[in-house]
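Remarks on the structure that follows.
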Amino acid sequence: MKKALEVGGVVASVVLIAFGVAAIVMGINGKDTVSTELDRQNIVGSPDMTPSSIAEEAKQAGLSSDIDLPSCDVAEKTVDDGETARCFASYMQIHALEATGGYTYSEMGRFEAKPNTPKSELADGGGTENEEFAAVDPESGEPAENGARNIWVTETALATALNASYMADRLSIFGVVIGIALLLTGIGFAVLVATGAVRDPHSMLKIGRRE
């Protein structure tokens, strides 16, 4: 029984150390992949991407004071990691709100409204959902899309990608931390096996008493 426990301790320590090393390597590789892919996009923050500048812009645009403004600073900085990606995405949202008068995607109509469209047919953020009152695209002859509403389509797609990069970056760091924990646990098991604590649990007590 003692021999089985000793063998089990050795196996457990080897497995934990192996998993720990693998988790650390995968975490480091994941973080490097995020940084490399972001760097390839050549994303650089615009000069107004500072808390003070965006606050002034939001005020001039008449945005509600209830809107959470970014507190990070990515102005003139390259977006090459999860933190800067998330920061850039938060500024994109404010820019989209400024461009649409403070209205979100769901608050605007799908189509550009004709002049003199009844107020009852207009969405709060402009445009209309009723094709009867939609302006006609001269090229296609179909109802014209609401360009302001489409700003949110682009913003959401880009912001989602940037926030996904942030999540991947955080998960890679978490993987490294878990890997270190597994590695230390495996080393601890190995020390216990090497000192004979698994074979004879009372040996550790004896050692402690001697000290």
What residue among Pro143, Pro47, Pro118 shows peak mean-square fluctuation when the chain is described by a Gaussian network model with Cα springs under 10 Å? Pro118
List, in order, the whole-Hz ³J(HN,Hα) value for each residue of segment 17-34 obtained from phi through the Karplus relation with A = 6.51, B = -1.76, C = 1.60 and θ = phi - 60°; use x for Gly and Pro. 5, 5, 5, x, 5, 4, 5, 5, 5, 5, x, 5, 4, x, 5, 5, 5, 4
By a straight-distance test (C-alpha under 16 Å), which aspartates and glutamates pair with Lys119 as possible cross-link partners, with residues fewer than eight away in the same chain excluded? Glu107, Glu129, Glu131, Glu132
Using a Gaussian network for the chain with springs between C-alpha atoms less than 10 Å apart, which of these wobbles most: Ile24, Ile94, Ile67? Ile67
Amide H contacts of Ile43 (H built 1.01 Å from N, under 5 Å, at least 5 apart or other chain): Val79
Interchain or sequence-distant (5+) residues whose placed amide H lies within less than 5 Å of the amide H of Glu145 are Glu112
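Which loop trypsin sites (Lys or Arg not before Pro) in segment 14-103, with loop taken from DSSP, have no more than 15 other Cβ atoms within 10 angstrom of their Cβ?
Details: sites: Lys31, Arg40, Lys59, Lys77, Arg86; in loops: Lys77.
In loop regions of segment 14-103 (DSSP not H, G, I, E or B), the sparsely surrounded trypsin sites (Lys or Arg not before Pro) are Lys77.
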Would you list which lysines come within 21 Å of Lys3, measuring only between C-alpha atoms, while excluding same-chain residues fewer than 8 positions from it? Lys206
Could you run the Karplus curve 6.51 cos²θ - 1.76 cosθ + 1.60 with θ = phi - 60° over segment 111-122 and give me ³J(HN,Hα) per residue in whole Hz, x for Gly and Pro? 10, 6, 7, 5, x, 6, 5, x, 4, 5, 9, 9
What list of ³J(HN,Hα) values in whole Hz, one per residue of segment 88-105 in order, does the Karplus curve 6.51 cos²θ - 1.76 cosθ + 1.60 (θ = phi - 60°) give from phi, with Gly and Pro shown as x? 4, 4, 5, 6, 4, 5, 5, 4, 5, 5, 5, 6, 10, x, x, 9, 9, 4
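Any idea of the accessible area per residue across the chain, 1.4 Å probe, to the nearest Å²? It would help to have the intermediate numbers written out before the result.
Values: 13060 Å² over 211 residues.
On a per-residue basis, 62 Å².
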Among Cys87, Pro47, Ala22, flag the residue with its Cα farthest along the positive direction of the charge dipole of segment 1-132, charges on Cβ as +1 for Lys/Arg and -1 for Asp/Glu. Ala22
Of [x] 1.23; [y] 1.73; [z] 1.03, the label for Cα Rg over 2.2 N^0.38 Å derived from the coordinates: [y]
Whole-percent carbon and sulfur contribution to the accessible surface of the chain (1.4 Å, no ligands, DNA or RNA) stands at 59
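The values are calculated or read from the model by the stated rules, or taken from the named source; none is laboratory data. Not measured: the values here are computed from a predicted model. Here Cβ is always computed from backbone atoms with ideal geometry, including for glycine, and neighbour counts include all displayed protein chains. The accessibility values were calculated without ligands, DNA or RNA, using every heavy atom of the protein model including side chains. Shrake-Rupley method; radii C 1.70, N 1.55, O 1.52, S 1.80 Å.
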